[in-house]
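Report on the structure given below.
Here, each number is a calculation from the coordinates, and none is a lab measurement. These figures come from a predicted structure and were not determined experimentally. Cβ sites come from the backbone with ideal geometry, for glycine too, and all protein chains shown count toward neighbours.
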């Protein structure tokens, strides 16, 4: 297993990779050089972003690497003790269309299951719970995605729209959405836009005590990552854990 890391000389990367002696990490002199290594089969994955803006990383991925999905997106894997959550999209799609949102849900569920081995329990997050916010295009988009996921992936659990507390707290779920299939036990959280996703991920990390790996960049033919420039050693280690598991399962 070979992972290209253009910032291999970063002290954070050097410390993180000590925990993964079975993975071969290789460097590159630019983002373009790193993607060429992927295209030529000289690496299985790429982790970067500590010293590069997300826009630069995403553009080099988009311009140089093949997609397997209709769209690409991002997913954070957030862990605190035994609790594990996937959160999307907090890094790529500013205001996804209904088809983009569907792809975000599908790819994030795959990422979560590949890493955790658990069945995805998907909550479509909103300011509204089960119609309490009335009818508007944003909520109709969520309903469309839920119906399509249920049709194409009947073994997955998905419900919404719902507020965050109804998604992760069984008691509040009983009050607000008593017949929800999620039952307050969501492990995959899907937000409606980039603003809410980015804010929620940073809140989980900075206020909630979670370690957040990623974002994992989904939708390409190989697993990729675009680290936050504020990533810690533990964030990078979790990112490598996720990437290595995705390589194994690809």
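Please work out whether segment 1-98 counts as rounded, prolate or oblate from its C-alpha gyration tensor, where a ≥ b ≥ c are the square roots of the eigenvalues and a/c under 1.5 means rounded, while otherwise a/b larger than b/c means prolate and anything else oblate? Oblate, since a/c reaches 1.5 and b/c is not below a/b. Each semi-axis of the equivalent ellipsoid for segment 75-214 is √(5λ) with λ an eigenvalue of the Cα gyration tensor; in descending order they amount to 20, 17, 16 Å. Spacing of the modelled spin labels on residue 147 and residue 40, each 7 Å from Cα toward Cβ, amounts to 5.0 nm.
Averaging the sequence gap over all C-alpha pairs within less than 8 Å and six or more residues apart, then dividing by the number of residues, gives the chain a relative contact order of 26 percent.
With a cut-off of 8 Å between alpha carbons and a minimum separation of six or more residues, what is the relative contact order of segment 75-214 in percent? Intermediate values should be presented prior to the final figure.
Numbers: 265 pairs, mean separation 52.1, N = 140.
Reported relative contact order: 37 percent.
Taking the square root of 5 times each eigenvalue of the Cα gyration tensor, what semi-axes in Å does the equivalent ellipsoid of segment 161-219 have, largest first?
Details: eigenvalues 108, 35, 22 Å².
Those come to 23, 13, 10 Å.
Spin-label pair residue 179-residue 97: with each label point 7 Å from Cα along the Cα-Cβ axis, the two points sit 3.3 nm from one another. Counting only DSSP beta bridges whose two residues both lie in the chain, roughly 40 percent are antiparallel. Measuring how big segment 88-133 is from its alpha-carbon positions, Rg and Dmax come out at 12.2, 35 Å.
Cα centroid distance between segment 75-119 and segment 180-207, in Å? Each part reduced to its Cα centre gives a spacing of 9 Å.
Recomputing log10 I(q)/I(0) by the Debye sum over Cα atoms at q = 0.08, 0.11, 0.15 Å⁻¹ from the coordinates shown identifies the correct label among [x] -0.29, -0.55, -0.99; [y] -0.44, -0.74, -1.09; [z] -0.33, -0.61, -1.09 as [x].
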